[in-house]
Each structure stands twice: as structure tokens, then as C-alpha cells.
Amino acid sequence: MQPLPDVRGVAGRRAARGGEGLHAGTAGRGQPVEPDLRGASRAGVQGAARQPGCRADGDGEFRTGRRSARRARLRLLPAQQAHRVGELPQSRHSVRAEDVSVAVGIPACTRFSRVAKPATQRPKLPGVGRLGLVESTAQADLDRLGWNTDAHVELLWSLSRAPDADTALRAITRLAEALDSGWDELDSALLKDRGLRGRLFAVLGSSLALGDHLIANPEAWHLLAGTVTLPTPAQLHEIFAAEADQHDDAIAAVSPLRVLYRSRVMVLAALDLAPTVENEPVLPFTEVGRHLADLADAALGAALSVVNRSVCGADTPPALAVVAMGKCGARELNYVSDVDVIFVAEDGSHSSLALATRIAGEMMRLASDAFFEVDAALRPEGKQGQLVRSLDSHVAYYQRWAKTWEFQALMKARPAVGDMDLGRRYLEALEPMVWTACEREDFVPEVQAMRRRVEELVPAAVRSRELKLGTGGLRDVEFAVQLLQLVHGRNDESLHVASTVEALTALADGGYVGRDDAANMTASYEFLRLLEHRLQLQRLKRTHMLPEFDDDEALRWLARAAHMRPDGRHDSLGVLREELRRQSHRVSRLHAKLFYQPLLESVAEATMGLPVGMSAKAAERQLAALGYEGAESALTHLAALTGSSGRRGRVQRVLLPTLLDWLSDTPDPDAG
């Protein structure tokens, strides 16, 4: 039998205030008993059936409901409770229904089931405050959309999880106005399609620019409905080629190609951001970068196709290869980034080069207007050099004049569009030169000069907020990885990969970097790239700068867009601040450790007779690349310093990575 809560004191106070009803419900032991405020004039509960044998009182009556065992109720009306309350058991003890039956004279024929919990006072439909909506127009916007019924409760909670719920709501309101009569279809789909809710609310709450794009092209919401998958590279080329084939004029092609490109970026961003709102699959960072690069290839191909018809008409255009460089070449592109390219022509004659140069220039202009900035500054001689060179001219330049940084840039070269066979021949001709660059006499001073230039590019006042070039930023990771590839790539073809993440894996597999260090560096790199992506998506602007550290609102949005969750000690904003400090410190520490820890481990393992991860020759090459002229002698000194098995040896193994990094920047590292 379900025990009733203690009622003696409560009942006495109710009776003393004028005979309010006493209602015993199943709220639980020790919880307050709610009074029956309906008064004595209403005898019992409507719809309740009398039990056989129950006696009705002229001043009131006792009834039990039959709606269900869980919702049966016990009601004592005023005339019954006032003179009987003193006979109830002591309030210090829990009482059972049969005890109350005896105390108030209820016939034994009546049996009581569990009594119903009173209806909660909190409404089912959440208010704007509970949804995190702070704009003064929020409730009016919800009413205008018709999102104010119990049928919209789940939808409203999805909206509340958007990185910026107010921004998402404003965009939805504008989208409803743009759709006009088509709004009912989207409204109905949002109620039924959880995936659509996650993708749409996440995009609108994360990107003002993509929200504007969707409002300008309202029917594009269909791209986010149902089962959404990313197209393959071949499918992307078909989609863009179909649009390009409709235009022979470059100026007329800009607007439709821009709409197509933005729509495809919106689909990718929706899949990338959806897990912040609904339980959708997480898109790996590497897959996002690859798809953006594939999208760039398809866009460049469409631009080249339009320009070829515009310039050449029915004539055959000259053979021209477009080689992707940088992040696009490595297929780890950002949402908003310059796309670096190099143009290679087959025919070196003056007339053919002139025509190819015109095509390349107009293609860059069309692509920059419709898609993204196209930059050809990595070509031989930079911006002062010819925009288009023949293959033979490229080879001659790299054999005689190229600097170390130019070979470093070629590590990420990849044929993108145009004459793909010509692009492959370009790589085959230049690749052997890339992996012998570390043997050049000026290799070490150029590497050190590059490091200093990178550090000097960012003012000290904003260095801690700069994700790319700041201390412990993305460039530290990329620079360290590429240098290690250049040093060891000549003798190990497994290091001939373009992606930073893949290169870290290859370096760990080859023993050039500790496995734990490679895993930690990869995690930090992907975290920083994630923040970079979220910042760029907001307005589709190229940026690497974090908000001001005292701008809580901007940082909280970033934390939600990056799917940060409270950890029990901090809210999402606090978690973001802690992660930024931790990751920046880890990258700075690992930057030095990547170069020197494997060296120390190799000499220590050799001293103790253990299997060697990095060979002596590889260790010497790495020391030479870092400025140590007597690499063999330096390695002998390292073996002596780390060979001790006692406390001194352990301390020196911890300190030496940082110490060796400092010494490499001095005029005479060997003397140090």
C-alpha cells in the first residue's frame, strides 16, 4: 500500500484558516499536500464513481476515481476534515491509506490505489528565457512563425541549441518572408525532419553570410532536407561543368557560378555544424579540408571552361595546366582562403604563351569574382615573373635560381585542372629537386631566416590571439613538419606526402617523431584549424584572429560553434579558454621537442643497446639541417649527456630539447 505523506500539521492549519479542502496526492513522502481550492460546494471530483457501500454525508462526501490505478485520488471535503483531523496518526510517522480509512470512518469496502501527482505548474511550451533568446523581438518572431504551440516544443529546443539562437531565429523569420507561400512546406518539414532542423539551425546560428545567401536563394533549403551526403570529386566537376556550359561570356557567368559555389559550401558547412544542434554524425576535419579542395578544383575547372570559350571561341585553346599549391594542393583547404596556383604551358612559343597568359589572367579574374581569391605569387620570380611559363622554363628556373622556400612550397604541388598530363609531367620533373634541397649550402640560414620572418609578421600585442602566425599557432606545426620532411624525405619516400596530418603520421611511423608527440601535435593542429574554420564561416571572411579575450559574447559564440560543452568545472566559455591555453602551450613545447627528442632517444637507445628508432645518419642530417656543422661530434656529445641512467641523465633528457633549440639560433651552435 502506498504510504501517504505526513498531513497532521498541514491539515490542522488548513482547517484553522477556514476549512480549506485537504488533498492527499502521490507527490511523494514528506512533500506538501495541496489544498482543494474548489470549495465545499463542489462535492468531489467530476466523473468520479461512487464505490458500492460508501455512505454519502449531507455536508460532504468522499469519492475515489476509477480513471486508472495511478490517478485515483483521495479527497477529504471540509465537513469531514475539521472534526476528524485530531484523530489522524502523529505526523512524525508515515501513514497508510487504511490507517486514514479507520481514522475518518471510511468503509472497509473502499480500496485506495496510488494517487496521482499534481500537474506541474511549469508550462510545457518553453518561454524565450528558457530558450536562451534575449532579443526583445524574439517572442513576436516566434508568434509570427506560428511556433507557439505544443507541437513545436521539440523544434524550439533544437533552435535553442544553435550557436547563436537569436541570429538563427532572425534568419528564419527573414527566410519565411522570402519564401512567402512556400513557408508552409519548410515549416512542415522542420517539424518532421530532425536532420534538417540540425543542419538549418546550425548554419543560420553560425554564419551570417550563409544566412544571407539562403535568404537571397530561399529554395536552396531543399539541399539540406532528407538524407544529405557530400558529392564525390567527379560529381562536383559534373555539377560545375553543367553550369559553366550554359555561359560563353565570363561576366554573365559570375553570378550563377557564385550562387552554385555558395550553395555547395552551405551544404558542407551544414553537415559540419549539425552535431552542435542534433545528434548528427561528426564530419572529420580532414574530410572537410579535402572536400573544400575538391570544390575549389571543380570551381577552377568551370572558370577555365568559360574563359576558353570566351577567348578562343570555336578554336582549340592552348594546352595549359593549373597546378594547385599550398593548402589547396595538400587538400586541407580552409572555408575561406586564397587558392595558390602555378600555370604551366606546353608550347613555349611567343604567340602560344601570350594566348595562354590571357586565358590564365581572365580565369583568375572570373574565379576571384565568383568563388575565392586566386593567387599566382608562388610562381618563379614571384609577382615580377611571367604568369605562364613553359615546362622547360620552369625546370630551368628551379635548377639554377630557386630558393629553399620555393622547394618547400613545391612539397604541396598537385595538378588541379586543365591539361592533367602536362601537370603530372611538371611534378615528375621537379620532385627530385625538392628532396635534395636540404643539401644546398644556404639551407640552414634560409630556414632560420624563414622562422624569424614568420615570428616578425605578427605584432606582439595580438600574437596570443593569432591562430595561424602567433606563438604556438598553426604555422609552428606546419613549419616543423615540413622541415622534418625536407631533411629526411630524400632517403624515405614514405614522407613524400602533402597533408600536414598525413605527414605527422608518416614521421611517427618512420621513427623521426615520437608517436605520442605526433598524436598530440595532430590533436592540437586539428583543434586550431577547427576554430579557424568557425571564425571564417561567420562572415565568410579570411581571418585567423580570435576575438578579444574580454569579449565574452563573441567567445561564447565561438565555443558553442566549436561544440564545446561544460565539463563540470567550467561552462562552454570556460572550457574554450582552458583549451586555448593548453593547446598553445602544447604546440610551443612540442615544436622544440619534434626536432630534438627523437635525436636524444636514438642516442640513448644506442648507448643502452636498445633498437634504434632513428638511424645515426638520419640524426646527423637533422642536426646539420638545424645549424650544427659538426653533426657527428654533436651526436657524440648528446650520447654522453644522456647516457647516464641516474637522475642527472633523466633531467638532461628533459632539458636538452629546449636547450638545443636555443643553441641552434646562436652564431655557433657547436660551441654551445
Check your understanding: In whole percent, how big is the carbon plus sulfur part of the accessible area of segment 363-458, probe 1.4 Å, protein atoms only?
Key -> 49
Check your understanding: If you roll a 1.4 Å probe over segment 234-274 with all protein chains in place, what percent of the accessible area is carbon or sulfur?
Key -> 52
**Study point:** Probe 1.4 Å, accessible area per residue of segment 383-463, Å²
**Key:** 53
Point to revise | Of K412/K468; K383/K541; K403/K541; K412/K541, pairs whose Cα-Cα distance is over 22 Å | key: K383/K541; K403/K541; K412/K541
Practice item. Please identify which residues in segment 517-550 have an amide N closer than 15 Å to a label point set 7 Å out from the Cα of A461, following the Cα→Cβ vector. Key: 548-549
Point to revise | Accessible area per residue in Å² at 1.4 Å probe, computed on segment 304-375 | key: 35
**Study point:** Solvent-accessible area per residue for segment 151-191 (1.4 angstrom probe, square angstrom)
**Key:** 38
Check your understanding: Mind checking the dipole of segment 517-569: about its Cα centre, +1 per Lys or Arg Cβ, -1 per Asp or Glu Cβ, Debye to the nearest 20?
Key -> 300
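The values are calculated or read from the model by the stated rules, or taken from the named source; none is laboratory data. A quick note: this is a predicted structure, and the numbers were derived from the prediction, not measured. When we count neighbours, we look across all protein chains shown, and the Cβ atoms used for this are built from the backbone with ideal geometry, even at glycine. Protein only, heavy atoms only, side chains kept; ligands, DNA and RNA dropped before computing areas. Shrake-Rupley method; radii C 1.70, N 1.55, O 1.52, S 1.80 Å.
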